[in-house]
Amino acid sequence: MSTRKRFLVISRRPPYGSSHARDALDTALTTAVFEQPVSMLFLDDGVYQLLQAQQPGGIQQKNLGATLSALPMYDIDQLYACSDAMQSRNLGVDDCLLPVQLLDTDAIAQLIRTHDVVLSF
Amino acid sequence: MIFSLLVYAAPHSHQAAESAYRFAVACLAQGHSIHRVFFYGDGIHGASALATPPQDEPNLPDRWQTLAQTHGLDLVVCIAAAVRRGVLDANEAHRYEKPGHNLHEGFELSGLGQLTEAAIVSDRMITFGA
């Protein structure tokens with residue numbers, strides 16, 4: 001497959017409670033395996049996925065943070081989070097397990113415009 | 001224009017599953033083509049041969065199959081999402097030693113790579129129900 005498109009995977013749900021977050025991550029990883037450039041954008045409660053020291057063992061769930069940590073190994077290092085979503089949840093980049101760029105709404109609109117395919121979960 | 005659809009919502013729980021079907025019909029009616037319909041997450045329930053809605057409600061798996069037959073659509077169901085939720089084809093039922101299989105005729109189980117491939121070759125990828 002020679003064609004390359006720029007993919008943006010938007011993840012706006014919390015890490016646990018529904019399958020959205022895991023499915024978004026799996027989609028991003030699979031797309032990277034297909035050698036397509038992938039960025040991820042975390043919006044709304046999706047920013048909770050970025051937190052360090054997640055302990056979902058109590059609800060018999062796998063640690064999504066472990067999968068998230070694998071993103072750079074798949075060359076997915078363009079990670080973005082909504083600055084308003086972070087601020088309103090009293091979170092900062094220091095709380096995140098990976099380097100993430102904070103974007104305001106205008107910058108998010110610009111980010112979406114610069115991608116060929118947007119998959120939203 | 002070439003479209004592909006990502007169906008993430010289960011029929012009967014969410015209107016989105018029905019909307020995806022209606023969007024597909026409208027696309028084809030206007031002369032566009034559909035490269036693939038990919039069923040993911042709870043959307044995989046739209047590929048169950050055992051779904052039995054009341055007779056005065058639409059049976060989405062049947063309607064997808066009919067549409068696929070008429071227009072040669074590629075209906076692909078995420079194998080990981082389907083198997084963990086109990087929608088299996090004969091191969092998977094055999095592999096996991098299950099007492100039956102229930103993937104509707106006209107659909108096939110495959111990997112998430114089929115979603116990526118669809119997005120690469122299509123002009124538009126439209127998500128329903130995420």
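Just so you know, all these numbers are worked out from the coordinates, no wet-lab data involved. Computed from a prediction, not measured in an experiment: that's the story for all the values here. All Cβ positions, even for glycine, are placed from backbone atoms using ideal geometry, and neighbour counts span all protein chains on display.
Worth a mention:
- Failed criterion for A:Gly57 (all others in (1) of a type outside the set (Phe, Trp, Tyr); (2) over 21 Å from B:Ala81 (Cβ atoms); (3) touching a residue at least 40 places away in the same chain (Cβ under 8 Å) hold): (3)
- Taken over the stretch B:102-127, the criterion of being touching a helix residue (DSSP H, G or I) at 6+ places or on another chain (Cβ under 7 Å) and under 22 Å from B:Val83 (Cβ atoms) is satisfied by B:Leu103, B:His104, B:Glu105, B:Gly106, B:Phe107, B:Leu109, B:Ser110, B:Gly111, B:Leu112, B:Gly113, B:Leu115, B:Thr116.
- Every condition in (1) exposed (fewer than 14 other Cβ atoms within 10 Å of the Cβ); (2) more than 14 Å from chain B (Cβ to nearest Cβ); (3) more than 26 Å from B:Asp42 (Cα to Cα) holds for A:Gln55 except the one numbered (3).
- Total residues in the stretch A:103-117, condition buried (at least 18 other Cβ atoms within 10 Å of the Cβ) and within 14 Å of chain B (Cβ to nearest Cβ): 2
- Any hit, the stretch B:42-60, residues being outside any strand (DSSP E or B), in contact with a Phe, Trp or Tyr (Cβ under 8 Å, 6 or more places away or on another chain), under 18 Å from B:Ala24 (Cα atoms) and within 14 Å of chain A (Cβ to nearest Cβ): yes
- Within the stretch A:16-25, the set of residues being within 9 Å of chain B (Cβ to nearest Cβ) and free of Cβ contacts under 8 Å to residues at least 40 places away in the same chain comprises A:Ser18, A:Ser19.
- Condition check for A:Phe121 on (1) among the hydrophobic types (A, V, I, L, M, F, W, C); (2) touching an Asp or Glu at 6+ places or on another chain (Cβ under 7 Å); (3) away from every other protein chain (no Cβ under 14 Å): one failure, at (3).
- Considering residues of the stretch A:42-52 that are in contact with an Asp or Glu (Cβ under 8 Å, 6 or more places away or on another chain) and either outside any loop (DSSP other than H, G, I, E, B) or aromatic (Phe, Trp, Tyr) (or both) only, the residue surrounded by the fewest Cβ atoms within 10 Å (Cβ to Cβ): A:Leu51
- Going through (1) farther than 20 Å from B:Ala119 by Cα; (2) more than 11 Å from the chain's Cα centre (by Cα); (3) crowded, with 22+ Cβ neighbours inside 10 Å one by one, B:Ala49 falls short only on (3).
- Test result for B:Gln114, assigned to a helix (DSSP H, G or I), away from chain A (no Cβ under 14 Å) and buried (at least 17 other Cβ atoms within 10 Å of the Cβ): no
- Qualifying residue in the stretch A:1-15 (condition: part of a loop (DSSP other than H, G, I, E, B) and touching a Pro at 6+ places or on another chain (Cβ under 6 Å)): yes
- Total residues in the stretch A:103-121, condition hydrophobic (A, V, I, L, M, F, W, C), in a helix (DSSP H, G or I) and more than 15 Å from A:Val38 (Cα to Cα): 3
- Selection within the stretch B:3-41 - surrounded by 22 or more Cβ atoms within 10 Å (Cβ to Cβ) and within 14 Å of chain A (Cβ to nearest Cβ): B:Ser4, B:Leu5, B:Leu6, B:Val7, B:Tyr8, B:Ala9, B:Arg36, B:Phe38, B:Phe39, B:Tyr40, B:Gly41
- Across the stretch A:79-102, not a single residue is classified as assigned to a helix (DSSP H, G or I), within 14 Å of another protein chain (Cβ to nearest Cβ) and surrounded by 14 or more Cβ atoms within 10 Å (Cβ to Cβ).
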